Amino acid sequence: MFSARPAPEHSARKRLISHVYSKSYIQSSTAAAAQSQTIIFDRFLPIIEASVAESQKPHGVDIYSIFMAATMDFIAAYIFGLGKGTNFLGNKAYREHFLELYRARNDYGYYDQEMPRLTKFCRRVGIPLCPKWVDGANKELGEWCLGLCAKMGHVFDSDCPSQAEPPDQPTVWDALVGGLRKEAARNGQASVLYPTALSNRELSVASELFDHVLAGQETAGLTLSYLCWRLSQSLELQAQLRAELLSLSPNMQLDGNGTPSVPDPKQLDSLPLLHAVLMETLRRHPPIPGAQPRQTPDSGCRIGPYAVPGGVRVAASAYALHRDEAIFPEPEKWDHTRWLPWAADESQLKERNRQFWAFSSGGRMCIGSNFAMHQMKLMIAAIYSNYTTHIVDDEGMERQSDGYTGRPEHEQLFLRFEKVG
Ligand code: HEM
């Protein structure tokens with residue numbers, strides 16, 4: 001989907017799965033609720049709790065790596081089910097290895113993306129345009145995703161929809177594979193979604209899901225890191241947020257009398273301060289600040305005052321849109337009050353929401369935006385219902401890299417957690 005250039009192919013793919021990523025579907029999904037319950041209460045909070053126990057550890061914990069693990073576990077569980085998804089939170093050594101592989105290829109996407117034929121040719125004749133170890137890292141990551149898919153069985157003769165209990169329900173897999181099977185029954189080999197060779201069908205599904213796990217992990221992990229960094233700069237704001245979070249019923253406070261449950265998703269979504277701090281973080285630190293390319297239609301088009309011929313690549317960027325002073329005064333300042341209904345008037349809020357572009361907009365808009373917002377709100381609620389956070393080492397957080405994705409310079413953030421009474 002992500003790389004399908006023709007609009008009909010792109011939207012045919014998107015239609016197969018977009019319903020399971022809609023807000024209403026996620027909010028009423030028993031699978032998503034059960035998976036969140038395990039990831040937050042059995043995997044994530046015990047790590048934080050252990051860090052408090054050793055708390056007087058002067059170096060704190062690297063929350064950046066922990067968030068990258070949690071966001072991978074969330075999206076992998078929603079796609080493959082909890083049991084067949086990942087456990088990055090529980091396997092620090094593997095996740096560090098994975099993140100290293102992922103980092104290795106970060107700076108080398110250019111040639112494959114912009115000059116795929118030349119790059120392939122050069123590789124074939126032994127003049128690689130990027131280091132061999134980058135190819136190695138890409139290969140290992142690809143095989144890792146194929147391994148996840150292989151656990152699900154063959155795409156066209158496995159049990160689908162699966163009969164698993166809610167935690168193990170593979171929501172996205174069922175939608176994608178079930179949708180492809182229906183499509184194949186309707187259109188046979190003529191379908192654009194349905195490669196003829198069997199091995200290509202498996203690859204096509206794996207390739208789609210590879211995009212979801214990678215797109216879903218890093219972006220949300222970055223946002224959570226920047227949000228906790230901002231909140232860690234104000235104990236007063238943390239206290240206001242905690243008061244709001246404890247108004248949930250049930251709330252996420254660990255009170256020693258058994259495991260609390262995840263809150264009602266609609267109630268969580270209606271908390272104005274939680275929403276405001278998250279929106280402002282996505283505005284000021286968009287995980288994808290860089291240019292998002294589009295190609296003008298063959299017949300050409302008008303963009304503002306310009307007539308642009310067909311087949312031209314144009315781009316817009318969240319970085320630029322989020323720094324428009326007319327809509328976001330003092331745009332460099334992280335100021336969550338821009339999003340509070342009682343601090344900004346209705347027309348300002350409308351304009352700000354219209355200009356907000358962290359997830360892009362239109363037909364190519366992020367398919368995972370509702371999923372991401374929900375899991376990030378749950379994670380922030382779990383933390384600030386129970387702890388205060390304090391910066392131990394935030395070197396490099398100020399310098400968000402200038403690229404398609406915007407990472408903090410050192411890709412780490414050490415925080416200390418303190419339990420609140
Ligand atoms: C904070 C979290 C996230 C941010 C900021 C984000 C941002 C974006 C942006 C800006 C795009 C548009 C790219 C373009 O226009 O070329 C996009 C597309 C996409 N995102 Fe996300 N994303 C997030 C989370 C997720 C999650 C959780 C998933 C999991 C499914 C996901 C999957 C995708 C996919 C598959 C596309 C391609 C959509 C298409 O081509 O129609 N993203 N995302």
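So here's what we get for this one:
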| read-out | value |
| --- | --- |
| Geometric extent, Cα atoms of the chain - Rg, Dmax (angstrom) | 22.0, 66 |
| Value of [θ]222 nm, deg cm²/dmol, for the chain, DSSP H segments ≥ 4, -39500 (n - 2.57) each, nearest 500 | -15500 deg cm²/dmol |
| Tilt relative to the chain, helix 7-17 - C-alpha long axis, 0 to 90 degrees, to 10 | 50 |
| For segment 47-159: rounded, prolate or oblate by the Cα gyration tensor [a/c cutoff 1.5] | oblate |
| Under 28 Å from the Cα of residue 333 - lysines, other chains or at least 8 residues apart | 350, 377 |
| The chain - percent of accessible surface contributed by carbon and sulfur, probe 1.4 Å | 54 |
| Cα-based helix-to-principal-axis angle, 272-284 vs the chain, degrees rounded to 10 | 50 |
| Cα gyration tensor shape for segment 281-421, rounded if a/c is under 1.5, else prolate or oblate | prolate |
| Charge tally in the Cβ shell below 13 Å around residue 221, where Lys, Arg are +1 and Asp, Glu are -1, residue 221 excluded | -1 |
| Relative packing of peptides 96-102, 36-42, 345-351 - highest average C-beta neighbours within 10 Å first | 36-42, 96-102, 345-351 |
| Prolate/oblate/rounded label for segment 109-161 (Cα gyration tensor, a/c 1.5) | prolate |
| Net charge dipole size for segment 334-386 [Lys, Arg +1 and Asp, Glu -1 on Cβ; Debye, nearest 20] | 200 |
| Residue 71 accessible area, assembled protein chains, probe 1.4 Å, Å² | 0 |
| Cross-link reach list, aspartates and glutamates versus residue 14, counting only Cα pairs under 19 Å and skipping chain neighbours closer than eight places | 174, 183, 202, 208, 211 |
| Length-normalised contact order of the chain in % [C-alpha pairs under 8 Å, at least 6 apart] | 22 |
| Cβ charges +1 (Lys, Arg) and -1 (Asp, Glu), total dipole of the chain, debye | 1340 |
| Candidate residues 159, 211, 298: accessible-area rank, largest first, probe 1.4 Å | 298, 159, 211 |
| Å² of accessible area per residue within segment 1-98, as computed with a 1.4 Å probe and no ligands counted | 40 |
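The values are calculated or read from the model by the stated rules, or taken from the named source; none is laboratory data. The structure presented is a predicted model; accordingly, all values stated were derived computationally and were not measured. Methodologically, a virtual Cβ is constructed for each residue, glycine included, from the backbone with ideal geometry; neighbour enumeration extends over all protein chains shown. We work out accessible area using only protein heavy atoms, side chains counted, and drop any ligands, DNA or RNA first. Shrake-Rupley method; radii C 1.70, N 1.55, O 1.52, S 1.80 Å.
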